[in-house]
Structures are given as structure tokens and as C-alpha cells.
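Visitor: My structure is below; once you've seen it, I'll send some questions.
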Amino acid sequence: MMDKGKALIAKLKDVGREAGMLGLHGLVVVLSAGIAWSLPNIARQFLTFWSRVEHEQVLLLAMEVCVALCLIAVSSYLWQAFQDRRQAVMARGAGLISFFSSHNPVADRAIRRLKQEQSLGRTVLAIGVTGHGTVIDDKAEIHALLETCLEAKLILLNPFSEEAVRRAQSLSHLDVTPARLRDELVETISLIKRLRAAGKVIRLKLYSDRPHVRMIILGDYLWLQHYHTGLDVRWMPEYVFQHKVDHHGLYTLFYQYFTKRWENQDIPEYDFQTNELVYRTRNGSELRREPFGLDQAESHEERDLAAAEPYL
């Protein structure tokens, strides 16, 4: 029933857009006919007006100044439109299709809707810090993505690394500490385990170097934010890139960046069964395992989640 309702809403939107386009075309035709019909009368009125003011020097000077100002305004507008057009062409060449300078309720709803549409039946690839801001906080957004995607690959920051400590210290929030980062990762892992138990294919890797970008790849679309020292990533601008057939856009560059990170032998994969970090070769062979140290904190978090209403 929900799918039928969505299909009906989409069909009504298409009909509304077509009706709007037809109405716009009709309005243009009516305006054109009205202008053509009134041209002779306009010409007569102009000649009458000109015969009255052609000997008024002050009025003529004022008219010349007004015409000059209008020409300056029109030329400035056309030049700015040309510059905007050129920048738009460059943006399309780079694959940039959307830009959100700051998050507000309207932008957040648009972002959630676009991501849900783009993730349907796709593979979700994501890089972040703890996943808390992209998985836990935004349940209506990412939780829906993980439910509708085919599989997911996540690369998050190791909360025990030196860079995690530096990231926490760089933010001017007293409640952001290395322990807070560990707790957030525990929540993320607990949620992923619930989704895996429901049949979702989700893999997680943990890196230990400095975080640079928060990135989500949904099929042919890539959502990107950058981490800035001392600033919360949620307040950073968000860019949307689309894959181009000619591979000239930045989508390919960032996709290759994710692939290189995922295949990096120095970035271990988290084993959800044993709570260990598994190092592998490029062909997938296991090199070694290391204990991760989240067992005790995770057990406490799982007890809290078990007492709460499940997400699924």
C-alpha cells in the first residue's frame, strides 16, 4: 500500500509539472499576442510624448541619465549572467550538481529525500569518524539507506588512535572527548549488528590516520563534506557529485580515494563475531588479528539497546 501511495504521488507530481509547463506556454503566447496587438498604440503614444518633450532640455537630460543607468544595469546583469553560466558549465564538467552551504530544516529534509531516492537497491560506501552523526543521530536518513541498500561498506576512525584524541581535542566542545568517540563507535557497531542480524551485508573498517572527509557514495551520486580543525562537520558545506560517463568529473577521483582506502592493508576490518581487528592482504588472505578493546563497553551498550525498542 505504501509503494502504491508513493507511485500515485509521483504520478500526480508528474501531471502537475506537465500542467504547469502547458500553462506557462499558454501565458507566453497570450503575452506575445497582447504585445503585438498594442504595438501600434504604443508607437502613437510615444510620438505624441516625444513631440511634447523634445524641446525640454532638462527633461531630455533626465531621460538620458535614466536610459544610461538602465543600460548599465542591464549590461551588468548580462555580464554577471555570463559569469554564472560559465561557472555552471565548469561545475557540471566537474560533476558538481548540488551544494548545501549550511544545514537547516528545509535543507535537511531535501538531503534525506535525495539520499533515500539514490540509495534504493544500491551499495552504500561511507567514510566518517564514528558513524554517530551519520548512523545514530540521523536515524530517519541513514537507517533508511541501510534498509534499502544492497550492501554497505563503512570506514570509520579508530577511537583508540592518536588522531582520534587530536580530533576530540580540536573541537571546542567540553563534552567531546576520546571516551565520547569510543562510546559513539560502540553505538554504531551495536546498530550495525542489529542490521546484520536482519540480513544486511555490512562491513566495517577502522583507520588510524587523520580524518579528512566525510563521504557517502550512493550509486552514481557522491555526498562530500570535509573535516576542519576545531569545527563540527555537521556545520560544514555539503557537496553532491554525479558520476559522468566520460570520467572527467571529481566523482571518479573520490571513488578511487575510497577504493584505495578500503584496499589499504594498514586499515583492518572489524570482525563482528570476535570483536577483533583483522588485517588482510589485497587478495583477502588473513595476515593477523588484534584485540580491539571495545568488548566491555559494547556489552554495556548492548544491554541498554536490548531494553529499548528495537529499530527494526
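The values are calculated or read from the model by the stated rules, or taken from the named source; none is laboratory data. Quantities reported herein were computed from a predicted structural model and do not represent experimental measurements. In this analysis, Cβ positions are derived from the backbone assuming ideal geometry, glycine residues included, and neighbour counts consider all displayed protein chains. To get the accessible areas, we keep the full protein, side chains included, count just its heavy atoms, and leave off ligands, DNA and RNA. Shrake-Rupley method; radii C 1.70, N 1.55, O 1.52, S 1.80 Å.
Visitor: Please verify whether L114 is open to solvent by 30 Å² or more (accessible area, probe 1.4 Å) and modelled with pLDDT under 70, treating the condition exactly as stated.
Guide: no
Visitor: Additional query: Between a first residue in the range 269-296 that is farther than 18 Å from I155 by Cα and a second residue that is in a strand (DSSP E or B) and open to solvent by 60 Å² or more (accessible area, probe 1.4 Å), which pairs have beta carbons less than 8 Å apart while being 6 or more apart in sequence or on different chains?
Guide: Listed by first residue and then by second, the contacts come to T274/R289; E286/R280; L287/R280.
Visitor: In addition: Would you please name the residue that is surrounded by the fewest Cβ atoms within 10 Å (Cβ to Cβ), looking only at residues in the range 250-272 that are hydrophobic (A, V, I, L, M, F, W, C) and in contact with a helix residue (DSSP H, G or I) (Cβ under 8 Å, 6 or more places away or on another chain)?
Guide: Among them, the one singled out is F272.
Visitor: Now for a different question. Within the range 12-31, is even one residue modelled with pLDDT of 80 or more, acidic (D, E) and farther than 30 Å from R113 by Cα?
Guide: No, because not a single residue in the range 12-31 is modelled with pLDDT of 80 or more, acidic (D, E) and farther than 30 Å from R113 by Cα.
Visitor: Also: Hey, can you tell me all the residues within the range 146-165 that are under 26 Å from the mean Cα position of the chain (by Cα) and closer than 16 Å to T229 by Cα?
Guide: L157, E163, A164
Visitor: Now, a different point. Mind listing whichever residues of the range 154-168 are touching a helix residue (DSSP H, G or I) at 6+ places or on another chain (Cβ under 9 Å), touching a residue at least 40 places away in the same chain (Cβ under 8 Å) and open to solvent by 40 Å² or more (accessible area, probe 1.4 Å)?
Guide: Scanning the range 154-168 gives a single hit, F160.
Here is a yes/no grid of residues against (1) in contact with an Asp or Glu (Cβ under 8 Å, 6 or more places away or on another chain); (2) among the β-branched types (V, I, T); (3) at negative phi:
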position	(1), (2), (3)
A152	no, no, yes
I202	yes, yes, yes
K205	yes, no, yes
R214	no, no, yes
L224	yes, no, yes
H228	no, no, yes
D246	no, no, yes
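Visitor: Quick check on the range 273-297: of everything there that is under 22 Å from A126 (Cα atoms) and of a type in the set (D, E, K, R), which residue is least open to solvent (accessible area, probe 1.4 Å)?
Guide: For the range 273-297, the residue satisfying everything is E276.
Visitor: Another question about this same structure. Report yes if D220 is out of contact with any helix residue (DSSP H, G or I) (no Cβ under 7 Å at 6 or more places or on another chain), at pLDDT below 80 and open to solvent by 50 Å² or more (accessible area, probe 1.4 Å), otherwise no.
Guide: No; evaluated as a whole, the condition is false for this residue.
Visitor: So how many residues does the range 169-181 have that are surrounded by fewer than 19 Cβ atoms within 10 Å (Cβ to Cβ) and in a helix (DSSP H, G or I)?
Guide: 5
Visitor: Out of all the residues in the range 230-249, is one or more open to solvent by 80 Å² or more (accessible area, probe 1.4 Å), closer than 27 Å to S190 by Cα and at pLDDT 75 or above?
Guide: Looking for residues that are open to solvent by 80 Å² or more (accessible area, probe 1.4 Å), closer than 27 Å to S190 by Cα and at pLDDT 75 or above, one finds none in the range 230-249, hence no.
Visitor: List the pairs whose first member sits in the range 242-263 and is assigned to a helix (DSSP H, G or I), whose second member is open to solvent by 70 Å² or more (accessible area, probe 1.4 Å) and not small (G, A, S), and whose Cβ atoms are under 7 Å apart, counting only residues at least 6 apart or on separate chains?
Guide: What qualifies is E263/R282.
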